[in-house]
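The values are calculated or read from the model by the stated rules, or taken from the named source; none is laboratory data. It should be emphasised that the depicted structure is a prediction, and the values quoted were computed from it without experimental measurement. When we count neighbours, we look across all protein chains shown, and the Cβ atoms used for this are built from the backbone with ideal geometry, even at glycine. Surface accessibility is based on the protein's heavy atoms, side chains included, excluding ligands, DNA and RNA. Shrake-Rupley method; radii C 1.70, N 1.55, O 1.52, S 1.80 Å.
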Amino acid sequence: MTIALEKHHTFLSSPWWAMGQDIEGETSLRVNETATRARAGLLNALSAATILVLIAWPQLDPVIYVGPFVIFDMFMAAIFGLTPLSPVGLLGTWLTINNKPIWKPTKPKRFAWVLGGSLAIVCLGLRLAGFDTVWLVSVVGICFALTWLEAVLGFCVGCWMHGLMFGCEVCELS
């Protein structure tokens, strides 16, 4: 079930460290799905560029730079929401500030972002352990597929998994 309420989203949550926004009539904080999908699209472009560089110019070693950035971004989003400490969340929120928000529960998104950060840790760990480029391309390819599903189709695999594992009455499971 998608929650579309008339409240406009703001650039920063109130208080700034809140995971989402307080929506009147809701018992828990909500996150704007429109901004989340924009963030996923930006992360998708970053993963595509990383794959390209890994294949065409592996000597540039993009994972050593992109990995820590994505880990930071994912865990900041999981702790504080899209703003103010997630750089890609800030950009996604700014890009969609004038669009009608679609409000979703924060717990499934938080779960998905922790999984995304964990996947980035795996990728960086493989790089630091000296694994072959094919392994790095495989893990970044998974990131590419997951962010594409979220950005283009609006299907969050982490949210879906959260719903299966913990149950979530208001989560969209299809």
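For segment 39-55, state whether one or more residues are surrounded by 20 or more Cβ atoms within 10 Å (Cβ to Cβ), in contact with a Leu (Cβ under 7 Å, 6 or more places away or on another chain) and at pLDDT 90 or above. Taking every residue of segment 39-55 in turn, at least one turns out to be surrounded by 20 or more Cβ atoms within 10 Å (Cβ to Cβ), in contact with a Leu (Cβ under 7 Å, 6 or more places away or on another chain) and at pLDDT 90 or above. Please go through segment 75-93 and give me each residue that is open to solvent by 20 Å² or more (accessible area, probe 1.4 Å) and hydrophobic (A, V, I, L, M, F, W, C), ordered by number. Of everything in segment 75-93, those that are open to solvent by 20 Å² or more (accessible area, probe 1.4 Å) and hydrophobic (A, V, I, L, M, F, W, C) turn out to be PHE75, MET76, ILE79, PHE80, LEU85, LEU90, LEU91.
How about segment 46-103: which of its residues are touching a strand residue (DSSP E or B) at 6+ places or on another chain (Cβ under 8 Å) and outside any helix (DSSP H, G or I)? Correct list: GLY81, LEU82, THR96, PRO101, ILE102, TRP103.
Here VAL137 meets the list (1) surrounded by 15 or more Cβ atoms within 10 Å (Cβ to Cβ); (2) at pLDDT below 95 almost entirely, failing just condition (2). From GLY154, GLY130, GLY125, GLY81, which residue is without any contact (Cβ under 8 Å) to a residue 40 or more places away in the chain and on the phi > 0 side of the Ramachandran plot? Checking each option against the conditions leaves just GLY130.
May I ask you to verify whether GLY81 is touching a Ser or Thr at 6+ places or on another chain (Cβ under 8 Å), closer than 27 Å to PHE11 by Cα and at pLDDT 95 or above? Here the answer is no, as GLY81 does not meet what is asked.
For segment 9-39, the candidate set comprises residues that are of a type in the set (S, T, N, Q) and outside any strand (DSSP E or B); within that set, the residue that is farthest from the chain's Cα centre (by Cα) is THR27. The test for being in contact (Cβ under 8 Å) with a residue 24 or more places away in the chain, out of contact with any helix residue (DSSP H, G or I) (no Cβ under 7 Å at 6 or more places or on another chain) and farther than 17 Å from ALA18 by Cα does not hold for ILE102.
Tell me, please, whether a residue that is closer than 26 Å to VAL134 by Cα, surrounded by fewer than 21 Cβ atoms within 10 Å (Cβ to Cβ), among the hydrophobic types (A, V, I, L, M, F, W, C) and touching a helix residue (DSSP H, G or I) at 6+ places or on another chain (Cβ under 6 Å) can be found in segment 16-34. No, segment 16-34 contains no residue that is closer than 26 Å to VAL134 by Cα, surrounded by fewer than 21 Cβ atoms within 10 Å (Cβ to Cβ), among the hydrophobic types (A, V, I, L, M, F, W, C) and touching a helix residue (DSSP H, G or I) at 6+ places or on another chain (Cβ under 6 Å).
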